[in-house]
Amino acid sequence: MLEAQVALARRAISPGSIDGALGSQTRAAIAVFQQTQNLPATGVLDADTRAQLTLDAPLLTTYRVTTNDLAHLQPLGKTWLAKSEQTALDYETELQLVAEKAHSHPDLIRRLNPAVNWTNVAPGTVLKIPDVNYPVPADKAALVVIHLDGKFLEAFGLETNLMAHFPCSIAARVEKRPVGELHVIAIAPNPNYTVDPELFPESPDLQTIGHKLILPPGPKNPVGVAWIGLDKTGYGIHGTPSPEQVGRTESHGCFRLANWDANYLMQLAWEGMPVLVEP
């Protein structure tokens, strides 16, 4: 199953955070791959699918921990105010950093490296990680389609060819889920984030502060490493500080992707690109 997940991810058909297990997001990714190969879209890793879903390079690669990695790590503030006062909302641990580089669940990285003491990782430590790189885009996407019911997002080329399939979190409240055609109006890598108390009535500390706060950029920023703004006020497609929760928890209204998926989509997107939101 780990081989299948990596083979899917190398085709930009994301099974979610790679974990070596057959979950709902992996089944959905297998079904999408089957459709691209004109196979029955069962979501089952049968013999015909395995024959087509091959690896073109070794499953694993190595990653060497650097002093630069460790220098960027910092604890994440427990309150909105504390986060706003940080120099960056960066990774807290080397495990988080490496897992995100490998599009993987931290538990998988632990299993692949059982001898590593993750509370004190030294520079130069060599780690085994899944070797995952999305294909270099040959062109921009023609459009993006977000499926609310299935909680996934897909990008298509001019010939309606699938360029990417990603799990996606959607709004918790039905009335916050726009259906129809939207358009991209802004693309921002490594954005900061403005926290508005009016949008977070469930946060006592924000209500006490009573004014907006600006949070610095970083992978642990509420919108992650990428913001793709849409022409509906307050709505966008963005990353997340918790990639393993994508498609399993719900948002305030925006469309949330894993950071690695949001970053890739940013390469495919362009201002004016249509985004179709389907029920």
- prompt: Which of the residues that make up region 30-40 are under 17 Å from residue 1 (Cα atoms) and either out of contact with any Lys or Arg (no Cβ under 9 Å at 6 or more places or on another chain) or surrounded by fewer than 18 Cβ atoms within 10 Å (Cβ to Cβ) (or both)?
  reply: 30, 31, 32, 34
- request: From 213, 257, grab the single residue that is touching a residue at least 24 places away in the same chain (Cβ under 8 Å) and buried (at least 21 other Cβ atoms within 10 Å of the Cβ).
  value: 257
Pick from region 16-48, criterion within 15 Å of the chain's Cα centre (by Cα) and touching a residue at least 40 places away in the same chain (Cβ under 8 Å), ranking: farthest from residue 108 (Cα to Cα): 29
statement: Flagged pairs (Cβ under 8 angstrom, 6 or more apart or on separate chains; first in region 148-163, free of Cβ contacts under 8 Å to residues at least 60 places away in the same chain; second surrounded by 17 or more Cβ atoms within 10 Å (Cβ to Cβ) and assigned to a loop (DSSP other than H, G, I, E, B)) are 156/141; 156/142; 157/141; 157/142; 158/142; 160/142
- request: Could you grab the pairs with beta carbons closer than 6 Å, sequence gap of 6+ or different chains, first residue in region 179-200 and under 23 Å from residue 84 (Cα atoms), second one among the polar types (S, T, N, Q) and not in a helix (DSSP H, G or I)?
  value: 193/221
query: Exactly one of (1) surrounded by fewer than 24 Cβ atoms within 10 Å (Cβ to Cβ); (2) more than 24 Å from residue 175 (Cα to Cα); (3) among the acidic types (Asp, Glu); (4) in contact with a strand residue (DSSP E or B) (Cβ under 6 Å, 6 or more places away or on another chain) is unmet by residue 244. Its number?
result: (4)
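A short reminder: the numbers here are calculations on the coordinates, not readings from a lab. Just so you know, these numbers come straight off a predicted model, no measurement behind them. Don't worry about glycine lacking a Cβ; one is built from the backbone with ideal geometry, like all the others, and counts go over all protein chains shown.
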